[in-house]
Structure formats: C-alpha cells, structure tokens
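Asker: This structure is in structure tokens; I'll ask about it shortly.
The values are calculated or read from the model by the stated rules, or taken from the named source; none is laboratory data. All of these numbers come straight from a predicted model, not from anything done at the bench. When we count neighbours, we look across all protein chains shown, and the Cβ atoms used for this are built from the backbone with ideal geometry, even at glycine.
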Amino acid sequence: MRRIAIHNLATNMIVARTVYASDGRILLHEGIALNKDYIKRLGDLGIISIYIRDKFVEDDNIKDVVSEKIRVETIQAIRDNFYELEKGRRLNTKRIHTLVNNLIDELLINSNLLVNLADIRSFDDYTFAHSVNVAILSIMTGITMQYNELQLKELGIGALLHDLGKTKIDVNILNKPDDLNKEEFEEIKRHPQYGFDMLRKHDDISLLSAHIAFQHHERWDGHGYPRQLSGEKILEYARIVAVADVYDALLADRPYRPSYSINQASTIVKRMAGTFLDVNCVDAFLSNIAIFPIGSFLELNTGETGVVVDVNKEMPSRPIVKIIYGKDRHPLFKSHEIDLSKLSTITVKKVLTGQEISLLSNEF
Ligand SMILES: [Fe+2]
C-alpha cells in the first residue's frame, strides 16, 4: 500500500483504505478500482491523497501520525473560519480548541511514529492544508521538546492560525503568479500584524498564540519581518512554527516552482539552522520526519533498487528497504529486506520519481 496524491492517481489502481468525506460519508470503499470519474470527484471534493494497494508494502505498515478523518475535518474547519473572517465575522474558537485538542491527542498517542507526509495536498487547498500541516509538524516538535499540554495547546492554536492575517490581503496579490512589486510585497509582509490584531480580539485565544502569528516570519539572525527580532527575543513557539512553515512550503508545488522532495527540503532546513532558523528547533523538528517515507523507491549506492517498507524513529534517514531490483534494474527472483540503520556503508543514491517508478513496474 502506498499513499498517492490525487494528481498522481491512475485508472485501475485499487483503493487500499476506505475514503471518507469530511462529514463522515463514505466516498470510496476499500477494494474498489479507480476510474476517471472517481478520480475527478475526489479532486472536486478537496481530498488530497488516498491509499492505493501495491505488491511491495503491506497494507498495515503505513501508520499516520494523524488520521485522515481528523486531518480533513481540520482543513475543513480552517477553510470555514477563513471564509467567515473574510466576511468580517469572528472565529469559531470553540471549534478550533476542539480540533487542536484532537490533533494533540492523536500526536501524543503516535509520538513513536515518524511523519510520512509526502506529496499530499491539492493546490487549491494550499493555505488550509498548509495551516494544518504546520500545526501537526509544530505540535510534534513541541512533543519532542517535552512541552506540557498547555504549551502544546498554545503552540497548536497559534500554528494552525499563523497565516490568518492573509484573509485581510487582496486575493489578487496573494495568488499573483508573477513577481510582486514593492507595494504588493509590503502588503504581504503585513499579514503577521493583521493576524495578531485579529487573534488578540478573542479572549479565549492566548496572547502567546497570537504572538505566533505575529512572529512566524521573524528570523533567528534578525533578517525577518515585521520587527526584525532576533535569537531568543523571538518567542520559542514562533521559532518552531517558522521551521514547520518553511519546510511545508518547500514540499508544496507553488505557482513559481515545483515542490522539493522531503530529502531536499530537510537539507535546506538544516542549512538554514543557525542563520534563519533556531538550531534546537530544527533538530527537534527533523527528528520527527521520515526522510524517505514508507513507499518511497530508492536507488542505493550498491546499484540495487528497493522500496521503503518501514522507518526507524531513532534514525529517520536510515529506513528499512525491501530490495526488489538488482543492479541492472531487473526484478529479483526473491526480494530481501535490509535495515539501513545497521548498514552504514550503504547510502541512498537517488529517490525515484513517480514516472521512474511507473517505468519500473507496470503495476503502477
Ligand atoms: Fe506567513
């Protein structure tokens, strides 16, 4: 079983896990074969990815840090709240508190797992799916940093609403595919202030959560905005959200560039540690990311190719790989598994793209 983004689905792929709508309705039953109509409908409904059967990864092996149900519900709630705000109404803070509590509960239960967040979003949903991803990634980082429940709540709410101020910005500027002019860029740079002003009007949102929205574009070396705060003058919560925000943005397709792989995004974030981003937050953050998620196809320095069937929490960049193709890319008569955390001389040469995987096996 592999998780596949909607835009990478093809007809005749078999659904490995039942797909639910945000209101709990069943959209597609496990075991059904996809056709063009199903794929289109999934996209129309804002579903970002689904599980598809394959012969390499056992169906029970992929465990998510957050269930699809909670993820979809939270994206829906963020979408609803942003629309309400655009109409000048107030946030439904009660719903937001409940959703963040649910996220924290799931993440605490699954704190032994790594994030297998690959390419799992639809473009239309960018801001909403991004907000939820940033909240999940930030809360996981907070758990690693041994935050207590109150801290996780403050962090989670601020992370989920960090870009709230964007609802005050003209959509023509926000979605502009070309370069922004100076005034437009200045306006975009006001979204932290707008978000802060909106959040502090709500009594049941902590002022610290509001400060996350205010400070998430500040940078460790003082080169951020809006106030050029630096180092520990930036709230630690905001430093965590800054890491999650940068990382998740790199994984998304944007109008001006295609997405980076997890491996590339992790390397970029690591390189920013100590200049743009706080080293401690980056380290805590990366300890939760499966650099090569389950279902990835890897070419190794041995010349062999395999699929990631499990990950090691202690060594997120050294997964367990089932070798299925030999040096000449011929399928092996008998596959075998190797644990990269125990074999330091074997390195990952390349992560195969969707197209290369299709060429390897007509199963996809
Ligand atoms: Fe932002």
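Asker: Being part of a helix (DSSP H, G or I) and near the ligand (Cβ under 9 Å from one of its atoms) is the filter here, so list the residues in the range 159-173 that pass it.
Answerer: Hits for the range 159-173 are Gly165, Lys166.
Asker: Kindly evaluate Arg53 against the criterion of being in contact (Cβ under 8 Å) with a residue 12 or more places away in the chain, of a type outside the set (Gly, Ala, Ser) and over 19 Å from Ala135 (Cα atoms).
Answerer: yes
Asker: From the set of residues in the range 336-360 that are touching a strand residue (DSSP E or B) at 6+ places or on another chain (Cβ under 8 Å) and at pLDDT below 85, which is surrounded by the most Cβ atoms within 10 Å (Cβ to Cβ)?
Answerer: Checking each candidate, the answer is Ile357.
Asker: Any residue in the range 150-166 that is among the β-branched types (Val, Ile, Thr) sitting within a Cβ distance under 8 Å of a residue that is more than 11 Å from the ligand (Cβ to nearest atom)? List the pairs, counting only those 6 or more apart or interchain.
Answerer: From residues that are among the β-branched types (Val, Ile, Thr), the pairs are Ile157/Ile96; Ile157/His97; Ile157/Val100; Ile157/Ile205; Ile157/Ser206; Ile157/Ser209.
Asker: Test Pro226 against the criterion of being within 13 Å of the ligand (Cβ to nearest atom), farther than 11 Å from Gly158 by Cβ, assigned to a loop (DSSP other than H, G, I, E, B) and free of Cβ contacts under 8 Å to residues at least 40 places away in the same chain, and give yes or no.
Answerer: Here the answer is yes, as Pro226 does meet what is asked.
Asker: Looking at Tyr237, Tyr194, which is the one that is within 14 Å of the ligand (Cβ to nearest atom) and out of contact with any Cys (no Cβ under 6 Å at 6 or more places or on another chain)?
Answerer: Tyr194
Asker: Next question. For the range 293-346, give me each residue that is within 25 Å of the chain's Cα centre (by Cα) and more than 21 Å from Ile52 (Cβ to Cβ).
Answerer: Scanning the range 293-346 gives Glu299, Asn312, Lys313, Glu314, Met315, Pro316, Ser317, Arg318, Leu340, Ser341.
Asker: Another question, then. Scan Asp178, Asp221 and give me the residue that is more than 15 Å from the ligand (Cβ to nearest atom), farther than 24 Å from Met272 by Cβ, part of a loop (DSSP other than H, G, I, E, B) and out of contact with any strand residue (DSSP E or B) (no Cβ under 7 Å at 6 or more places or on another chain).
Answerer: Residue meeting the stated conditions: Asp178.
Asker: Determine, yes or no, whether Ile47 is in a loop (DSSP other than H, G, I, E, B), outside the structural domain of Asp310 (by TED's automatic domain parsing) and closer than 27 Å to Ile78 by Cα.
Answerer: It is true that Ile47 is in a loop (DSSP other than H, G, I, E, B), outside the structural domain of Asp310 (by TED's automatic domain parsing) and closer than 27 Å to Ile78 by Cα.
Asker: Just a yes or no: is a residue in the range 315-328 surrounded by 13 or more Cβ atoms within 10 Å (Cβ to Cβ), in contact (Cβ under 8 Å) with a residue 60 or more places away in the chain and among the aliphatic types (A, V, I, L, M)?
Answerer: Looking for residues that are surrounded by 13 or more Cβ atoms within 10 Å (Cβ to Cβ), in contact (Cβ under 8 Å) with a residue 60 or more places away in the chain and among the aliphatic types (A, V, I, L, M), one finds at least one in the range 315-328, hence yes.
Asker: Pairs under 8 Å by beta carbon, first residue at pLDDT 95 or above in the range 205-220, partner within 11 Å of the ligand (Cβ to nearest atom) and among the basic types (Lys, Arg), six or more apart or different chains?
Answerer: The qualifying pairs are His217/Lys189.
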